[in-house]
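Before any comments, here is the structure.
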Amino acid sequence: MIGEMARKVDRGVLVTSSVDVEPRELGIEDLELVEAKKSIRFPGATAFAASNAVSQILGDGNFNVVHDTFGHLLPLFARQRRHRGQVRLTSLYSLAEWDLRNRLWPDYKLRTLTHPNLRTYWSRTLTQLAVIRLSDAVIVQAPGLVGRLAESVGNPGSKINWLPNNVTAPESLQALKLQSESSTIQLLLVGGLSVGKGADHLVSLLARARIRRIPIHATAVGTLSPMESSKPVDHRYLRDRINTEGVQDDITYYSRVDRSRLDQFYAESDWLFHPTSLDGSPRAVLEALANGLPVIGSRHPGITVLDPDEEFILYANPFDPDILLDRLIADKSDKTEHADRSAKGRDRMMGCHSSETVSDQYIELYSRLLSDPETRTAKS
């Protein structure tokens, strides 16, 4: 999407911590890449390096929009007097304060600042709250974050803008995806195995399938096996549950795979399993749908906005493993219905979440902010 946006503005510059490919190699002619060298010796090194790099760029050219992600430009935003002529935005895909208060604290009882997860989320919370206050506009990538943001920081009012996440699908993929040839129901998880993303439900589903003698298997990509790792809080909990339920052999783990291997997993699977309780705009869901893979999801604003009529996302909440297994068995026996889900999901992604479509919405927002008298007065 950044490449699409670069084609639509006078000049586009992307600041990144590592430049390992030239824009032309990616087919992006209008985007400049700048590497922000950082030290790993102290926390916040990335933010200071990125802010210094952007500050130098602003001094060398006539830029009117500065777009922050992950709060990395907080030091720059705090020094607004040095560069008064730009509209400043920040993007949020999740709200650390809400997750900390409603997920980590009550679920894991993290009571001390010595706990690594708690320290990380406290730091992320303070950074987000500060950059929200300093920004002219805040972009959230899931509708539910609008209410959570207002709850956390008061009511920022017109600052909040919801814009969807984007996805790019391989052009070679056919619109219709058939069921996997295996007689076993094949589930795929992408991007991490955590309780917040439904891993607890997965264990319950596999355990119930064993009791009912239903052949089912899950492949988890982009995560370490909890059977071998004890550092993350989720992994210690999940390892105990997996052992207790006896489903060790029903999950295969891949920590990292290349693009071609991931495409193969999409092709070989029946469903992406992602009944998350975290209200973000999950790229794993968008990418699976764009690749023709239907999704087992959860009803929260970040997911239901993709498919309010349950045409290609199977909603599994409240979670009942028996009801879900029955629906998966019925779907496995109906190749036509599964292919129809596949086509509808892919068409929706290409119509509403393509890089071309979403980049237009970003450019429209930039233009509106630049033409807003209140924004321009505040910056003068």
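The values are calculated or read from the model by the stated rules, or taken from the named source; none is laboratory data. Quick caveat, the model's predicted, so the values are computed rather than measured. All Cβ positions, glycine included, derive from the backbone under ideal geometry; neighbour counts span all protein chains shown.
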Check your understanding: Taking into account only those residues within the range 328-341 that are without any contact (Cβ under 8 Å) to a residue 60 or more places away in the chain and loosely packed, with under 15 Cβ neighbours inside 10 Å, which is nearest to ALA207 (Cα to Cα)?
Key -> ALA330
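Can you name the residue in the range 1-33 that is touching a helix residue (DSSP H, G or I) at 6+ places or on another chain (Cβ under 9 Å) and small (Gly, Ala, Ser) and, of all such residues, is modelled with the highest pLDDT?
Let us first name the residues in the range 1-33 that are touching a helix residue (DSSP H, G or I) at 6+ places or on another chain (Cβ under 9 Å), namely 1-9, 12-17, 23, 26-33.
With the extra rule that they be small (Gly, Ala, Ser), the set shrinks to 3, 6, 12, 17, 27.
Values: GLY3: 81, ALA6: 86, GLY12: 90, SER17: 81, GLY27: 62.
Of everything passing the filter in the range 1-33, GLY12 is modelled with the highest pLDDT.
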**Study point:** Among (1) surrounded by fewer than 12 Cβ atoms within 10 Å (Cβ to Cβ); (2) in contact (Cβ under 8 Å) with a residue 12 or more places away in the chain, the one test that ARG213 misses
**Key:** (2)
Point to revise | Yes/no for ASP234 being surrounded by 15 or more Cβ atoms within 10 Å (Cβ to Cβ) and at pLDDT below 90 | key: yes
Review point. What is the one condition in (1) surrounded by 17 or more Cβ atoms within 10 Å (Cβ to Cβ); (2) within 30 Å of VAL9 (Cα to Cα); (3) of a type outside the set (Phe, Trp, Tyr) that ASP372 does not satisfy?
Key: (1)
